[in-house]
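Structure record follows, encoded as structure tokens.
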Amino acid sequence: QVQLVESGGGSVQRGGSLRLSCAVSGNIFSINYMSWYRQAPGKQRELVASTTSIGSTTYANSVKDRFTISRDSPKNTVYLQMNDLKSEDTAVYYCKVGANYREYWGQGTQVTVSS
């Protein structure tokens, strides 16, 4: 069984920064990709950023140049550094991992940006 534990969410003022973490544990023999999604109230869940096992990254246009995804492979942990936060970044952020040829989701962590 694979477990994902997210942390780092919270409330911040516009222009502030937060760093999210997602630690993957359990019987893992391969991780293909690690991603962050978010879902704002009344909206569909959307991809924010993703990183693969070979280090390639993808970002949503709305967060490019503000967010950075990184991965600590020995720790099976993925991070999302979020800078210059805007009110439209308010959402529940979910970690999604492709591991052991399956997909796993974290429980979500709330990020609230106030003006």
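The values are calculated or read from the model by the stated rules, or taken from the named source; none is laboratory data. None of the values given here were measured: they were computed from a predicted structure. When we count neighbours, we look across all protein chains shown, and the Cβ atoms used for this are built from the backbone with ideal geometry, even at glycine. Protein only, heavy atoms only, side chains kept; ligands, DNA and RNA dropped before computing areas. Shrake-Rupley method; radii C 1.70, N 1.55, O 1.52, S 1.80 Å.
Of all residues in segment 91-106, those that are open to solvent by 20 Å² or more (accessible area, probe 1.4 Å) and either in a helix (DSSP H, G or I) or within 15 Å of SER11 (Cβ to Cβ) (or both) total 1.
Applying the criterion of at least 1 residues that are closer than 11 Å to SER35 by Cα, in contact with a strand residue (DSSP E or B) (Cβ under 6 Å, 6 or more places away or on another chain) and open to solvent by 50 Å² or more (accessible area, probe 1.4 Å) to the strands (runs of 3 or more DSSP E) found wholly in segment 46-90 leaves 46-52, 57-59, 67-72. For SER25, the criteria (1) within 13 Å of GLN3 (Cα to Cα); (2) in a loop (DSSP other than H, G, I, E, B) hold in every case but one, which is (2).
For THR109, indicate whether it is open to solvent by less than 40 Å² (accessible area, probe 1.4 Å), touching a Leu at 6+ places or on another chain (Cβ under 9 Å) and within 22 Å of GLN1 (Cα to Cα).
When the stated conditions are applied, THR109 passes them.
The set of residues in segment 1-45 being touching a Gly at 6+ places or on another chain (Cβ under 7 Å) and either under 16 Å from GLN81 (Cβ atoms) or hydroxyl-bearing (Ser, Thr, Tyr) (or both) consists of GLU6, LEU18, ARG19, LEU20, SER21, CYS22, TYR33. Residues of segment 1-45 that are open to solvent by 70 Å² or more (accessible area, probe 1.4 Å) and β-branched (Val, Ile, Thr): VAL5 alone.
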